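Scroll down for the structure; my scribbles are underneath it.
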Amino acid sequence: MRKVSIFGATGSIGQNTIDLIARDPDGYDVVALSGGRNIVQLAHDAKRLNADVAVTAYPELLPDLREALDGSGIEAAAGKTALTEAASRPADWVMSAIVGAAGLEPGLKALEQGATLALANKESLVAAGPLLMATAKAHNARVLPVDSEHSAIFQGLVGEDMAAVERIIITASGGAFRDWPLEKLATATLAEASSHPNWDMGQRITIDSASMFNKALEVIETKEYFGVRPDQIEVVVHPESMVHALVGFNDGALMAHVGAPDMRHAIGYALHWPERRELPVARLDLVAIGQLTFRAPDMQRYPALRLAYEVMEKGGLYGAAFNAAKERALDHFIAGSLGFLDMARMVEDVLDKLSAGAADLMQPVTLANVATIDHLAREQADTLLKQRA
Ligand code: NAD
Ligand code: MG
């Protein structure tokens, strides 16, 4: 039996992971599950999978979680320290599916105890790529990508030599507003930004897909995970979301990964790696699909993409600043205090302020420095919002 833990178990990726694990009850021994405010779901899954411990991120919800788990023998815990403690418990495979920079520390703890970290939490690579990858190396642990594009690239590289890789192309659906006239984008509402044409995901990543901040994070994720140069990474808009990524080699060959838009593929690949096992995902009927289309991303429509390349050029802790400013801008968009297009403007302003006033603080990438810059960037975003009002 493999010991597994799932952080962010109540979310979209977490639930898809549980769907796969629950199909093979004799295959897995569940150590820890974590969630947020959805105590009913967390307790339900902890009991169903007979976890050792269930952790909610929110200390004030501990009594509710205790009550929901009463009589089950499953330990209830809450808060940040409990989360990192749970991530330190020995496990063979750990799913990192918390949304946002909050996923970084549990991921590092899992790597420190030598686990294979299935990484959906792209924010940890954006904020602290060098730290995460070095921690894996130091502890003989492994990070496996779970983002669909990065799983696709990873699969395209099996048996290949990185020296023969010329370029990596990741696809973008274009999100909810890909066909909207540019003038209308400024008025996009929360409800409009919260529905995705092809993927069923958590609310935050769905909005990030509409603004292309998700693709911006993924471009940086590609650089950090695969160690390629920024100029080797391309983005193409592919509205059908069936080709997830392509790897281009020095002989002109492009290896494309094609599959239905279902995260259980990328999760299942990371779960069973290095084997392939049968997965409950749709099989594509290419004749019925008929055609797949590709187009260039419009940089005017998607300033987030331009920012990603600037962030990679600067390196150091600019990724941490970029991610934190984006998270805060998104908080404000969700709260109704910032317009859709103002998110990218706010992120750019935060980056400008930090390069002007805090350039000497922007490295090295240690956990403490990531926390400092994350905090500074969020504070700066709030200050900019107040100045606007
Ligand atoms: P979600 O919002 O559906 O779930 C997020 C999970 O994190 C929940 O369990 C929530 O309780 C928990 N959480 C939220 N804030 C937390 C905090 N501060 N501390 C601890 N736990 C917290 O999100 P999702 O769509 O499942 O995405 C999870 C991660 O996977 C994100 O990093 C996202 O970018 C990435 N990802 C998601 C998809 C997808 O299809 N949903 C695809 C690729 C990558
Ligand atoms: Mg993705």
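Since every read-out is calculated from the coordinates, none of them should be taken as a lab result. Just so we're clear, the structure is a prediction, and the values are computed from it rather than from any experiment. Ideal geometry is used to build each Cβ from the backbone, glycine not excepted, and the neighbour counts take in all protein chains shown.
Can you list which of the DSSP-assigned H helices in the chain have a Cα extent of 24 Å or more along the long axis and an average Kyte-Doolittle score of at least -1.0? For the chain, where a helix must reach 24 Å along its axis and average at least -1.0, the hits are 318-335, 367-388.
The trypsin sites (Lys or Arg not before Pro) of segment 262-302 that DSSP puts in a loop, and whose beta carbon has at most 14 other beta carbons within 10 Å, are R276, R277, R283.
Close lysine pairs were tallied over segment 100-257: pairs 8 or more places apart or on different chains with Cα atoms under 22 Å apart number 8.
Taking other residues whose beta carbon is less than 12 angstrom from the beta carbon of A324, and scoring Lys, Arg as +1 and Asp, Glu as -1, yields -3.
The antiparallel fraction among DSSP beta bridges confined to segment 156-313 stands at about 70%.
Report the per residue volume, in Å³, of the convex hull enclosing the C-alpha atoms of segment 150-261.
Details: hull volume 12.1 nm³, N = 112.
It comes to 108 Å³ per residue, whole-number rounded.
Considering the chain at the alpha-carbon level, its Rg and Dmax are found to be 20.4, 62 Å.
Contact order for the chain, expressed relative to its length and based on alpha carbon pairs under 8 Å spaced 6+ residues apart, stands at 14 percent.
When the charge dipole of the chain is built from unit charges on Cβ atoms (+1 for Lys and Arg, -1 for Asp and Glu) and taken about the Cα centre, the candidate among I233, L307, A381 whose Cα reaches farthest toward its positive end is A381. Taking the inverse of the mean reciprocal distance over all distinct Cα pairs, the Kirkwood hydrodynamic radius of segment 204-259 comes to 12.6 Å.
What full-extension length gain, to one decimal in nm, is calculated for R388 and R23 as 0.36 nm per residue of separation minus the Cα-Cα distance?
Values: separation 365, 0.36 × 365 = 131.40 nm, distance 5.16 nm.
So the chain would gain 126.2 nm between R388 and R23.
In a DSSP loop and with at most 15 other Cβ atoms within 10 Å, the GluC sites (Glu not before Pro) in segment 131-174 are E160.
Taking segment 315-388 on its own, what percent of its Cα-Cα pair distances exceed 22 Å? Counting pairs separated by more than 22 Å, the tail of P(r) holds 17 percent.
Quick check: net charge around L217, other residues with Cβ under 12 Å of its Cβ, Lys/Arg +1 and Asp/Glu -1? Mind dumping the intermediate values first?
Values: positive: K122, R204, K215, K223, K326; negative: E123, D147, E149, D208, E218, E221, E224, E327.
It works out to a net charge of -3.
Of all GluC sites (Glu not before Pro) in segment 260-316, which ones are in loop regions per DSSP and have a Cβ with at most 12 other Cβ atoms within 10 Å?
E275, E278
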